[in-house]
Amino acid sequence: MRIGVLTGGGDCPGLNAVIRAITRSGIGRGHEIFGFKDGFKGLIENRYIVLNHESVSGILSRGGTILGTTNRDNPFKFKQIVDGKEVYLDMSGTMNENYHALKLDCLVVIGGDGSMRLANQISASTDIKVIGVPKTIDNDIVGTEMTFGFNSAVDIATDALDRLHTTAESHHRVMILEVMGRDAGWIALHGGAAGGADIILIPEIPYNLESINKTIQERIARGKSFSLIIVSEGIKTLSGEQIVREGIGMDIFNVPRLGGVSSWLARVIEEYTGIESRATILGHLQRGGSPNSFDRVFATQLGARAAELAAKGRFGEMVVLRENKITSIPLEQVKGVRLVPIDDPLVKTCREIGLSFGD
Ligand code: F6P
């Protein structure tokens, strides 16, 4: 078989481990593997490399993706300059032609919810055979109980909270750590539980400033002159208001880009409580660097199962984690985003041990 592979959307730790596993297990079955550069853009522009033992050597522990990626291109509305003007064209036909010219049997798309949506659309509207591998630090893809990259991002958030803890204590301050996740609070929830945050703010549980203030005051009354807050970038008030990143525009699905709510929150908390407050935005540190051991193993398993699906001709499916087993589901079932249920067992545990969700 001839198998194409691409990575789409924002990167995350573990992408190279998947590429390596697909390549090695594919070659083991006698297949040829082609890696497209920079997501769907590479397939549109016919930019690819042949993946072999040599090209995937030493990449298991490397962050990022050796193939490159982008979260700015939609092949169905692909930005091009025609006669000096910006136009958006449907390039799915070109992708189809390039796929067939290379005599590919299938395309493995390693991506987040946006890439899976596109993979589904490609499956439905072209004769490209697609297999999905879900990735994202956000952990928000429907159908899988976890995505690779998430565990490494939680480790980074935990380490950051540990560091903020000591300086918060020395200076008697409120320290706020802002983490990514868009509309899903998984990183904040798990990072906050692991790093001993006093308040965890997630988009799924609307926050209330009075309640945050009350928790901080209660801690002071108990002799704790500092507080640690972990906040997910997409938190909302009860009326659904969100702080979005100014001047950076919308993503390819017309959703505003997030980031910066912690700076606003620090100002407001300082005014409200009179306690010095500081914000740290963890940002892309959560996406860069080496995957942890869990994500290396998990990503390797997902990549090997994707290669197995290809060998079995099981196209139109996405590999997933279900009840601790790697299995697969139809791509068309991957719709929407997987949010933290407000009765998630970890939310319950955190409440039981006295953490606040600012509600
Ligand atoms: O979806 C992954 C993610 O890292 C989100 O958590 C975050 O909101 C977004 O991507 C950031 O995107 P960009 O890299 O375009 O700033």
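The values are calculated or read from the model by the stated rules, or taken from the named source; none is laboratory data. Given the structure is predicted, the values throughout are model-derived calculations rather than measurements. All Cβ positions, even for glycine, are placed from backbone atoms using ideal geometry, and neighbour counts span all protein chains on display. Just the protein is used for accessible areas: all its heavy atoms, side chains included, with ligands, DNA and RNA removed. Shrake-Rupley method; radii C 1.70, N 1.55, O 1.52, S 1.80 Å.
The table below gives the values:
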| quantity | calculated |
| --- | --- |
| Share of carbon and sulfur in the accessible heavy-atom surface of the chain [1.4 Å probe, %] | 50 |
| Cα pair count fraction exceeding 26 Å, expressed as % - segment 22-148 | 24 |
| Accessible area of segment 193-235 divided out per residue, in Å², using a probe of 1.4 angstrom | 35 |
| Distance histogram for segment 175-229 (every C-alpha pair counted, 10 angstrom bins, percent rounded to whole numbers) | 24, 52, 23, 2 |
| Listed peptides 337-348, 262-273 by packing density, highest first (mean Cβ within 10 Å) | 262-273, 337-348 |
| Calculated log₁₀ intensity ratio I(q)/I(0) where the Debye formula runs over C-alpha points of segment 194-322, q = 0.23 Å⁻¹ | -1.33 |
| Segment 82-174, Rg to Rh (Cα coordinates; Rh as Kirkwood inverse mean 1/r) | 1.25 |
| For segment 125-234, fraction of C-alpha pairs farther apart than 24 Å, in % | 33 |
| Antiparallel content of DSSP bridges confined to segment 26-173, in %, to 5 | 60 |
| Separation of the GLU241 and THR166 label points, Cα + 7 Å toward Cβ, nm | 3.8 |
| Radius of gyration and maximum dimension Dmax of the chain, Cα, Å | 21.8, 71 |
| In segment 183-244, GluC sites (Glu not before Pro) in a DSSP loop with at most 11 other beta-carbon atoms within 10 Å | GLU241 |
| Cα long-axis angle, helix 293-311 against the chain (0 to 90 degrees, to the nearest 10) | 30 |
| Acute angle (nearest 10 degrees) that the helix 261-273 long axis makes with the longest principal axis of the chain, alpha-carbon atoms | 10 |
| All aspartates and glutamates inside 19 Å of LYS335 as judged from Cα atoms, apart from same-chain residues fewer than 8 positions distant | ASP113, ASP138, ASP140, GLU145, ASP183, GLU204, ASP251, GLU317 |
| The chain - share of DSSP beta bridges that are antiparallel (%, nearest 5) | 35 |
| Accessible-area order (highest first, 1.4 angstrom probe) of the listed residues TYR48, TYR99, TYR88 | TYR88, TYR48, TYR99 |
| Qualifying lysines (Cα of each under 28 Å from Cα of LYS103; at least 8 residues distant if same chain) | LYS37, LYS41, LYS77, LYS79, LYS129, LYS135, LYS312 |
